[in-house]
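Enquirer: Dumping the structure here so I can ask a few things about it.
The values are calculated or read from the model by the stated rules, or taken from the named source; none is laboratory data. Nothing here was measured: the structure is a model prediction, and the numbers come from that model. Here the Cβ is made from the backbone with ideal geometry for all residues, glycine too, and neighbour counts use every protein chain on show.
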Amino acid sequence: MCGLAVQDVRAGDALLEQGTVLGPRQAAILAATGYPSVKARPRPRVVVVSTGSELREPGEPLGFDSVYDANSFALAAAARQADAIAYRVGIVSDDPQELTDTLSDQLVRADLVVTSGGVSKGDYDVVKDVLGRLGTVEFAEVAMQPGKPQGFGTVGEDDTPIFTLPGNPVSSYVSFEVFVLPAIRRMMGKLPYRRPLVRATCMAGFGSPRGRTQYVRGDFEVTARGAQVRPVGGHGSHLIGSLSQSNCLIVVPEATTAVEAGSIVDVAVLDRNF
């Protein structure tokens, strides 16, 4: 029976291409051709941390100055969707020592750390304060909307990479798509690193700021007339309702200030395997 299993494989054939995800069928061909082991990249362990004393867990009562933590749930789910192993950490307040202790505790199980909040120019930007003093994380303003404030570097004795994303929910999610997702895919050896863009006809016009690449939430569909996309909701980085109703991001180049109805645009289709 084993001989029959490999009659369609000849000496010199490549059994599996680099970047192939090892599943039951791939395990079968490896075992059937006598390979007891192969070199493989493990699924990266991603630790997700939300910062902010104003944050509350879903189900807890809200005060006049508090909001529910949506970012850590969205980012952990996005990491799992990328085939990483995600660990969502409880909310970390604006106390610098608490963040320092949390990172120290979590690095033992982290191949990558993702934080949200605390990286803008506010008075309580604890992530920027704590990691800035280490000198291993660089903070910058990126020419994109949403998601302008960003940080990246390493932490801990093992130089674990860390992405520090903005706190607004839409900014945080878009930043994950633009920066973190390609990093996770590269860690696993998956190609392409970035989500491929498709072309579609934009069914409604809208404006875009000059000098920034804009990521607009949209509804993408393929019809008898071809691929079409329609903007969903406003452009505010706090408008999470329109994010939940979208299935793509319309990518507008930084030199474009207006998208006319009927024009062809680039679209990153979310939730699509690639």
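Enquirer: Please tell me if Ser53 is under 30 Å from Leu103 (Cβ atoms) and of a type in the set (Gly, Ala, Ser).
Expert: Yes: the conditions hold for Ser53.
Enquirer: Okay, next question. Just to be sure I understand, how many residues within the stretch 81-104 are under 16 Å from Arg195 (Cβ atoms) and out of contact with any helix residue (DSSP H, G or I) (no Cβ under 6 Å at 6 or more places or on another chain)?
Expert: Residues in the stretch 81-104 being under 16 Å from Arg195 (Cβ atoms) and out of contact with any helix residue (DSSP H, G or I) (no Cβ under 6 Å at 6 or more places or on another chain): 2 in total.
Enquirer: Inspect the stretch 123-138 for any residue being farther than 17 Å from Ser53 by Cα and surrounded by 20 or more Cβ atoms within 10 Å (Cβ to Cβ) and give the result as yes or no.
Expert: Within the stretch 123-138, one or more residues are farther than 17 Å from Ser53 by Cα and surrounded by 20 or more Cβ atoms within 10 Å (Cβ to Cβ).
Enquirer: Considering only strands (runs of 3 or more DSSP E) fully contained in the stretch 175-236, which possess at least 3 residues that are among the polar types (S, T, N, Q) and either within 30 Å of Ala110 (Cβ to Cβ) or in the same structural domain as Pro253 (by TED's automatic domain parsing) (or both)?
Expert: Because the criterion is at least 3 residues that are among the polar types (S, T, N, Q) and either within 30 Å of Ala110 (Cβ to Cβ) or in the same structural domain as Pro253 (by TED's automatic domain parsing) (or both), the strands (runs of 3 or more DSSP E) in the stretch 175-236 that meet it are 213-223.
Enquirer: Sticking with this structure for a sec: Being of a type outside the set (S, T, N, Q), in contact with a strand residue (DSSP E or B) (Cβ under 7 Å, 6 or more places away or on another chain) and at pLDDT below 95 is the filter here, so list the residues in the stretch 233-253 that pass it.
Expert: Gly233, His235, Leu243
Enquirer: Tell me, which residue of the stretch 194-243 that is hydroxyl-bearing (Ser, Thr, Tyr) and surrounded by 15 or more Cβ atoms within 10 Å (Cβ to Cβ) is nearest to Ala268 (Cα to Cα)?
Expert: Tyr215
Enquirer: Please list, ordered by residue number, the strands (runs of 3 or more DSSP E) wholly in the stretch 82-158 having 3 or more residues that are more than 30 Å from Thr256 (Cβ to Cβ).
Expert: Once the strands (runs of 3 or more DSSP E) in the stretch 82-158 are filtered for at least 3 residues that are more than 30 Å from Thr256 (Cβ to Cβ), what remains is 85-88, 112-116, 149-155.
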